[in-house]
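Taking it in order: structure first as structure tokens, then the write-up.
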Amino acid sequence: MPAPIRYVQDSANFPDSADVVVIGAGIAGAAATWELAKQGLKVVLIEKGLVGAEQSSRNWGWCRQQNRDERELPLIIYALQRWGELNDETGEELGFRRSGLVYATQEESDIAAWDKWIQMAKDYGVRSSILTAEQAKAMTPGSTTNWRGGLSAPTDGHAEPRLAAPGLVAGALKKGALLFQQCAVRGLDIAAGRVSGVWTERGLIKTSRVICAAGAWTSMFCRRHGIDLPLGNVIGTAFRTQPIEQAIAMPLYTPGFACRP
């Protein structure tokens, strides 16, 4: 069943200029808009559909350090810190919880790889531990699988996809940001080789700073201006169930599927 996405009301008056224009109101554009508005900049957020209505509301919502590439760890450590602060900062409910996260497997090779990852992650202060078969089973009471073991990260968590992007945008609007939905950006206005504005379906917004956070559409948009930004397409399936008796207390990953309460 589809998740009921929180609707955010558009701003009233379309501007003719801005300090920064953000293209795309998914989680990346929403977060950028919040951070810029918090600094007192005049920010305009443009979205061709609705806030958070594409990939940003159709995902697991995981906020994890566990099993990350080493190059990603400094950023995700900071991101988890920020997730823990944003409810209070924005005055909005983003659904973030440090619920912990569990990986479970039937393969010894997975356990060996996770143990190697733990040794690396210790240098960054990340807390994770290998689970025995009995511990993995105890942490997945709704499963009938005989796990060989698992990996637990008690400081990881998850946000609520249907609330996170709208909540960040709602917080930004209280700081003076402007939002316009169902208004596509057609291209950049260029003068003397530099950005001088953004052309939208409602007209030109003069600005010298643009953040393109258009998700899967970013590459297509950039090609209009001679910028080659390679993006890989990944096809996945995600679904939301009717309420059921809770089988797990935290997000769970296995080689065949993943889920979260």
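What's the total number of residues in segment 221-248 that are assigned to a helix (DSSP H, G or I) and touching a Cys at 6+ places or on another chain (Cβ under 9 Å)?
Residues flagged as assigned to a helix (DSSP H, G or I) and touching a Cys at 6+ places or on another chain (Cβ under 9 Å) within segment 221-248 amount to 2.
Just need a number here: residues in segment 133-145 that are at pLDDT below 95 and over 30 Å from the mean Cα position of the chain (by Cα).
2
Which is under 30 Å from Trp217 (Cβ atoms), part of a strand (DSSP E or B) and among the polar types (S, T, N, Q), of Ser152, Ser196?
Being under 30 Å from Trp217 (Cβ atoms), part of a strand (DSSP E or B) and among the polar types (S, T, N, Q) holds for just one of Ser152, Ser196, which is Ser196.
What residue, among those in segment 158-175 that are out of contact with any strand residue (DSSP E or B) (no Cβ under 8 Å at 6 or more places or on another chain) and either assigned to a strand (DSSP E or B) or not aliphatic (A, V, I, L, M) (or both), is nearest to Asp19 (Cα to Cα)?
Looking at residues that are out of contact with any strand residue (DSSP E or B) (no Cβ under 8 Å at 6 or more places or on another chain) and either assigned to a strand (DSSP E or B) or not aliphatic (A, V, I, L, M) (or both), I get Lys175.
Test Leu188 against the stated conditions and say whether it is closer than 20 Å to Asn59 by Cβ, at pLDDT 95 or above and not assigned by the TED database to the domain that holds Arg97.
Criteria not met by Leu188.
Are there any pairs with C-beta distances below 6 angstrom linking a residue in segment 72-89 that is surrounded by 16 or more Cβ atoms within 10 Å (Cβ to Cβ) to a residue that is assigned to a helix (DSSP H, G or I), with the two at least 6 apart or on different chains, and if so which?
Leu73/Tyr124
Cβ-Cβ below 6 Å, separation at least six or inter-chain, first residue in segment 51-64 and within 18 Å of Asp10 (Cα to Cα), second of a type outside the set (A, V, I, L, M, F, W, C) and surrounded by 17 or more Cβ atoms within 10 Å (Cβ to Cβ): which pairs?
Val51/Pro166; Gly52/Pro166
Give me the residue from segment 196-240 that is in contact with a Lys or Arg (Cβ under 8 Å, 6 or more places away or on another chain), of a type in the set (Gly, Ala, Ser) and closer than 23 Å to Leu50 by Cα and, out of that set, surrounded by the most Cβ atoms within 10 Å (Cβ to Cβ).
The qualifying residue surrounded by the most Cβ atoms within 10 Å (Cβ to Cβ) is Gly197.
Identify, from the list Arg194, Arg148, Arg127, the residue that is basic (Lys, Arg), outside the structural domain of Val43 (by the TED database) and at pLDDT 95 or above.
Working: Arg194 fails: outside the structural domain of Val43 (by the TED database); Arg127 fails: at pLDDT 95 or above.
Checking each option against the conditions leaves just Arg148.
What number of residues within segment 201-218 satisfy the criterion of being over 25 Å from the mean Cα position of the chain (by Cα) and either among the β-branched types (Val, Ile, Thr) or not in a strand (DSSP E or B) (or both)? If you could, list the steps in order and put the result at the bottom.
If we filter segment 201-218 for residues that are over 25 Å from the mean Cα position of the chain (by Cα), which is where we start, we get 201-208.
Keeping just the survivors that are either among the β-branched types (Val, Ile, Thr) or not in a strand (DSSP E or B) (or both) gives 201-202, 205, 207-208.
Of the residues in that region, 5 qualify.
From the list Ser99, Ser56, which residue is assigned to a helix (DSSP H, G or I), modelled with pLDDT under 95 and among the polar types (S, T, N, Q)?
Residue meeting the stated conditions: Ser56.
Hey, could you check segment 142-153 for residues that are in contact with a strand residue (DSSP E or B) (Cβ under 8 Å, 6 or more places away or on another chain) and not charged (D, E, K, R) and say which is surrounded by the fewest Cβ atoms within 10 Å (Cβ to Cβ)?
Thr145
The values are calculated or read from the model by the stated rules, or taken from the named source; none is laboratory data. Since this is a predicted model, take the numbers as computed values, not measurements. All Cβ positions, even for glycine, are placed from backbone atoms using ideal geometry, and neighbour counts span all protein chains on display.
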